[in-house]
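Student: The structure under discussion is supplied below as structure tokens; questions concerning it will follow.
The values are calculated or read from the model by the stated rules, or taken from the named source; none is laboratory data. Just so it is clear, the model here is predicted, and its values are computed rather than measured. All Cβ positions, even for glycine, are placed from backbone atoms using ideal geometry, and neighbour counts span all protein chains on display. Please note that ligands, DNA and RNA were not included when accessible areas were found on the heavy atoms of the full protein model with its side chains. Shrake-Rupley method; radii C 1.70, N 1.55, O 1.52, S 1.80 Å.
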Amino acid sequence: MVIVMSPGATDEEIDHVVERVTSVGGEAFVSKGVVRTIIGLVGDIESFHHLNLRTLPGVADVHRISDPYKLVSRQHHPERSTVWVGSGDVKVPIGPDTFTFIAGPCAVETPDQTLEAARMAVSAGATVLRGGAYKPRTSPYAFQGLGEEGLRILADVGRRTGLPTVTEVVDPRDVPVVAEHVDMLQIGTRNMANFALLQAVGEAGKPVLLKRGMTATIEEWLMAAEYIAQRGNLDVVLCERGIRTFEPSTRNTLDISAVPVVQATSHLPIIVDPSHAAGRKDLVVPLSRAAIAVGADGVIVDVHPQPETALCDGPQALLGQELRQLAQAVRQLPSLVGREAATAR
Ligand code: PEP
Ligand code: MN
């Protein structure tokens with residue numbers, strides 16, 4: 001059983017719930033998130049029923065755990081959620097009414113390369129900047145990212161171009177420093193089931209972009225999101241980035257049906273990464289069009305001013321003609337499915 005406290009619940013109200021639970025022999029695990037506190041109960045469900053937990057002061061909701069995930073489930077939260085990325089007067093929505101275009105370099109390499117990529121992103125209509133500082137590479141000999149220096153570059157370029165930023169974090173120990181520099185924390189495909197990392201970003205006070213593990217089922221992915229939600233952070237955006245199949249002509253196979261399947265089951269927003277799914281720039285525009293048509297809440301795309309010299313994923317980075325085509329698709333197609341472009345507000 002899970003108790004969701006109201007956003008303004010006091011410590012006394014939380015303690016009172018814990019006391020009531022322990023008075024009938026149960027155990028209560030309190031997770032204090034930035035916005036709300038969640039209390040997980042272990043024990044005899046019947047005895048909890050007698051407590052009328054729903055009526056206690058400060059309690060917003062009580063969920064029975066029979067499904068493998070709860071807080072991210074649409075059953076308990078029928079309205080689809082909007083997650084806001086950014087701060088102050090630069091906040092960009094990701095949700096059901098808008099289509100959010102995120103772009104930037106796969107990896108932050110230099111200040112100039114990042115700034116140029118960000119300007120390309122802005123001119124194509126992107127409103128959030130991506131860029132990796134910690135790169136979880138399949139080969140231990142490949143470029144691993146600039147680390148903290150990369151975070152500083154990304155944050156600075158974000159400020160100069162007026163874009164909120166998203167970057168990947170791969171180690172729970174780096175979560176505080178990453179959260180200090182960027183507006184949204186990304187969990188990559190290779191870490192989707194790294195539960196210590198999921199719990200750490202659940203407590204970081206920033207929205208999270210949770211990529212699907214390349215071998216994960218949708219249910220496993222939603223349970224990973226539940227780990228983050230359980231720590232009090234419901235600002236989670238899912239990202240379909242392709243799964244491993246027998247087909248070698250693309251790096252991974254974009255599971256486009258994951259978008260409506262997730263939307264039927266979960267209230268969380270879901271975007272698509274056609275760049276990492278395909279690994280080929282010629283497929284990024286058609287797959288982005290497919291993402292818009294299928295009802296995705298946004299796309300995240302790699303751009304690079306000189307893909308041939310990119311230290312990471314050059315073959316999938318857009319510029320020139322392809323980027324113009326993508327800009328056109330993102331400008332024209334979302335309105336056909338009842339969405340407007342997501343700009344800062
Ligand atoms: C990325 O977005 O930079 C990345 C490494 O993606 P993925 O985790 O989907 O491979
Ligand atoms: Mn990449």
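Student: Regarding the range 118-126, can at least one residue be identified that is open to solvent by 60 Å² or more (accessible area, probe 1.4 Å), more than 29 Å from residue 228 (Cα to Cα) and outside any helix (DSSP H, G or I)?
Tutor: Checked the range 118-126: no residue is open to solvent by 60 Å² or more (accessible area, probe 1.4 Å), more than 29 Å from residue 228 (Cα to Cα) and outside any helix (DSSP H, G or I).
Student: Let me confirm something: among 58, 26, 40, which residue is touching a residue at least 60 places away in the same chain (Cβ under 8 Å), in contact with a helix residue (DSSP H, G or I) (Cβ under 9 Å, 6 or more places away or on another chain) and open to solvent by less than 60 Å² (accessible area, probe 1.4 Å)?
Tutor: 40
Student: Return the pairs, sorted by first residue and then second, in which the second residue is within 12 Å of ligand 1 (Cβ to nearest atom) and assigned to a helix (DSSP H, G or I), the first residue lies in the range 252-279 and is within 13 Å of residue 300 (Cβ to Cβ), the beta carbons are less than 6 Å apart, and the residues are 6+ apart or on different chains.
Tutor: Taking only residues 6 or more apart or on different chains, the pairs are 254/277; 275/316.
Student: Give, as residue ranges, the strands (runs of 3 or more DSSP E) completely inside the range 130-217 that count at least 1 residues that are away from ligand 2 (no atom under 16 Å from the Cβ) and surrounded by fewer than 19 Cβ atoms within 10 Å (Cβ to Cβ).
Tutor: Correct list: empty, since no element meets the threshold.
Student: Within the range 169-200, work out how many residues are small (Gly, Ala, Ser) and touching a helix residue (DSSP H, G or I) at 6+ places or on another chain (Cβ under 7 Å).
Tutor: Of the residues in the range 169-200, 3 are small (Gly, Ala, Ser) and touching a helix residue (DSSP H, G or I) at 6+ places or on another chain (Cβ under 7 Å).
Student: Identify the residue in the range 91-113 that is within 16 Å of ligand 2 (Cβ to nearest atom) and either assigned to a strand (DSSP E or B) or not acidic (Asp, Glu) (or both) and, among all such residues, is surrounded by the fewest Cβ atoms within 10 Å (Cβ to Cβ).
Tutor: Across the range 91-113, the extreme among qualifying residues is 113.
Student: Ok, one more. Would you confirm whether or not the range 247-269 contains a residue that is within 24 Å of residue 68 (Cα to Cα), within 18 Å of the chain's Cα centre (by Cα), within 14 Å of ligand 1 (Cβ to nearest atom) and open to solvent by less than 10 Å² (accessible area, probe 1.4 Å)?
Tutor: For the range 247-269, residues within 24 Å of residue 68 (Cα to Cα), within 18 Å of the chain's Cα centre (by Cα), within 14 Å of ligand 1 (Cβ to nearest atom) and open to solvent by less than 10 Å² (accessible area, probe 1.4 Å): present.
Student: Based on what the data block shows, is residue 82 more than 25 Å from residue 201 (Cβ to Cβ), open to solvent by 40 Å² or more (accessible area, probe 1.4 Å) and polar (S, T, N, Q)?
Tutor: Here the answer is no, as residue 82 does not meet what is asked.
Student: Also, quick follow-up: Being under 24 Å from residue 196 (Cα atoms) and modelled with pLDDT of 95 or more narrows it down to one residue among 294, 236, 272; which is it?
Tutor: From the options 294, 236, 272, the qualifying one is 236.
Student: Determine whether residue 321 is open to solvent by 10 Å² or more (accessible area, probe 1.4 Å) and either in contact with a Ser or Thr (Cβ under 6 Å, 6 or more places away or on another chain) or away from ligand 1 (no atom under 16 Å from the Cβ) (or both).
Tutor: So residue 321 passes the test.
Student: Quick check on my filter: what residues within the range 233-246 are surrounded by 22 or more Cβ atoms within 10 Å (Cβ to Cβ) and either more than 16 Å from ligand 2 (Cβ to nearest atom) or not in a loop (DSSP other than H, G, I, E, B) (or both)?
Tutor: Passing the criteria: 233, 234, 235, 236, 237, 238, 239, 240.
Student: Out of 186, 199, which single residue is touching a Leu at 6+ places or on another chain (Cβ under 6 Å) and not hydroxyl-bearing (Ser, Thr, Tyr)?
Tutor: Just a single option satisfies the conditions, and that option is 186.
Student: Here is a follow-up. Considering only the range 275-283, I want to know if a residue exists there that is open to solvent by less than 10 Å² (accessible area, probe 1.4 Å), at pLDDT 95 or above, away from ligand 1 (no atom under 16 Å from the Cβ) and farther than 18 Å from residue 214 by Cα.
Tutor: Checked against the condition, which is being open to solvent by less than 10 Å² (accessible area, probe 1.4 Å), at pLDDT 95 or above, away from ligand 1 (no atom under 16 Å from the Cβ) and farther than 18 Å from residue 214 by Cα, the range 275-283 yields no hits at all.
Student: Also, I was wondering about something else. Do any strands (runs of 3 or more DSSP E) lying entirely in the range 1-48 carry at least 1 residues that are touching a Leu at 6+ places or on another chain (Cβ under 9 Å) and under 13 Å from residue 59 (Cα atoms), and which ones are they?
Tutor: 2-5, 37-42
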